[in-house]
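**Q** One structure coming up, written as structure tokens, with questions to follow.
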Amino acid sequence: MTKRFATTGIAFAAVSALMAALPADAADNPHGGERIGTVSQIYDGKLLPDDAVSTFRNIDRLFPTRTIRAGGTVRELRPADKPLGEVSFRLGEETYDLYDVMALDSFTAMIVLKDGKVAYETYQRGNTPETRWMSMSVAKSITSTLAAIAIKEGKLSGLDAPVTQYVEALKGSAYEGVTLRDILMMSSGVRWNETYTDPTSDRRALLKAQISQEPGSAMKLMASLPRAAEPGTVNNYSTGETQVLGEIVRGAVGKPLAEYLSETIWVPYGMEADANWWLDSPDGHEIGGSGLSATLRDFARFGQFFLENGVIGSASILPDGWVRQAAGPTTLKDGSKLDYGYMWWTGWTEPSIADGAFAAIGIQGQNIYINPKRNVVIVTFGAQPKPTGKEPVDPLVFFDAVAAALD
């Protein structure tokens, strides 16, 4: 369906909003000289296509960040023995191929690993292998993985650990009696409205707290929320839960998430480039549910790390059976099954369910798809016009077709 928009006045307002100051030093960012929009425009879905692209690859200019340091030996990504060939699939009455999906779903980069090797890789809209792109909620799955590592190291007491044992700011709040497992399953029972484009939603209130850059403002918001259900009884998608999770991990390990990610995965697994992570205030705490920007290949390496059960060297740094548990489905206290894991999405198509595939998913087209049966990892960067609801083609149907084409 073709949509027409009146542009008089809107174009002027958009251009005015995009006149952001250029960074003083953009030496480590090939796109650092581009003009960008605001974080509110991202969540409102009010960026024109070129402006969205330049903003999404410059999110480290929207807030203070902490660097996730790479170092040591880079894990090589060699070409696959068999490159990706023709991909074609039907969805409803229509037939699509790779070129259709890249255009229709506004993907600006994609990489496909088969058996840990590169079967396909492309960069669009001026992106390059050096481009750091926003993760949005893909970061949730990374924060979840850091919690797993902390459990393995004995710094977190386990899935039944109470939230308030590690987050002092939540004592006396609706998070009393909530466990780490409840947080990972987004089933704390604390009230939350995740609507991105609603300026009165809890998600936008959390964004306002982040914009304020006042230390502790995010936890002050989370502590103010009422209880809507008993812990472990209702699943309610909440970016706030991941902010709480980040605070749990930080409280357990006694260091910033970016530093912990660097020393546990980024350096030992052989990531190629430094990454960045948004902070809630200057030199403050990482935003557990979004704001991590990294290169396409390093996101793919993270996917491969998870596919391989967290093995670095000769042993896994994750608890036994963690990947299977985290990939879901999980179960609420009444026995109801969730199509959601520990901040990972379970597959919802027949092929993905059959293969046990799962994904880390971020708004506007960010994906890490992992298919353990076919040993495939797919990562996309996206620049879709709205946070959700603007993917003409279900990306999981496409990813399933790509995985099958590599057999």
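The values are calculated or read from the model by the stated rules, or taken from the named source; none is laboratory data. This structure is a prediction, so every number in the text was calculated from the model and none was measured. When we count neighbours, we look across all protein chains shown, and the Cβ atoms used for this are built from the backbone with ideal geometry, even at glycine.
**Q** Out of the residues in segment 330-349 that are at pLDDT 95 or above, in a loop (DSSP other than H, G, I, E, B) and closer than 24 Å to Asp394 by Cβ, which is farthest from the chain's Cα centre (by Cα)?
**A** The extreme case among them is Thr349.
**Q** Now, a different point. Suppose the filter is closer than 23 Å to Leu206 by Cα and touching a Lys or Arg at 6+ places or on another chain (Cβ under 9 Å); does Ala258 pass it?
**A** Here the answer is yes, as Ala258 does meet what is asked.
**Q** Quick check on this structure: which one of Tyr166, Tyr120 is surrounded by 21 or more Cβ atoms within 10 Å (Cβ to Cβ) and either in contact (Cβ under 8 Å) with a residue 12 or more places away in the chain or at negative phi (or both)?
**A** From the options Tyr166, Tyr120, the qualifying one is Tyr166.
**Q** Of everything in segment 51-78 that's under 17 Å from His31 (Cα atoms) and either basic (Lys, Arg) or free of Cβ contacts under 8 Å to residues at least 12 places away in the same chain (or both), which residue is surrounded by the fewest Cβ atoms within 10 Å (Cβ to Cβ)?
**A** Looking at residues that are under 17 Å from His31 (Cα atoms) and either basic (Lys, Arg) or free of Cβ contacts under 8 Å to residues at least 12 places away in the same chain (or both), I get Arg61.
Table: residues versus (1) among the small types (Gly, Ala, Ser); (2) under 30 Å from Glu308 (Cβ atoms); (3) under 22 Å from the mean Cα position of the chain (by Cα); (4) buried (at least 20 other Cβ atoms within 10 Å of the Cβ).
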{"residue": "Arg132", "(1), (2), (3), (4)": "no, yes, yes, yes"}
{"residue": "Ala150", "(1), (2), (3), (4)": "yes, yes, yes, yes"}
{"residue": "Glu176", "(1), (2), (3), (4)": "no, no, no, no"}
{"residue": "Arg181", "(1), (2), (3), (4)": "no, yes, yes, no"}
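**Q** Here's something else I'd like to know. Out of curiosity, is Met185 touching a strand residue (DSSP E or B) at 6+ places or on another chain (Cβ under 9 Å) and either crowded, with 18+ Cβ neighbours inside 10 Å or modelled with pLDDT under 95 (or both)?
**A** Against the criterion (touching a strand residue (DSSP E or B) at 6+ places or on another chain (Cβ under 9 Å) and either crowded, with 18+ Cβ neighbours inside 10 Å or modelled with pLDDT under 95 (or both)), Met185 qualifies.
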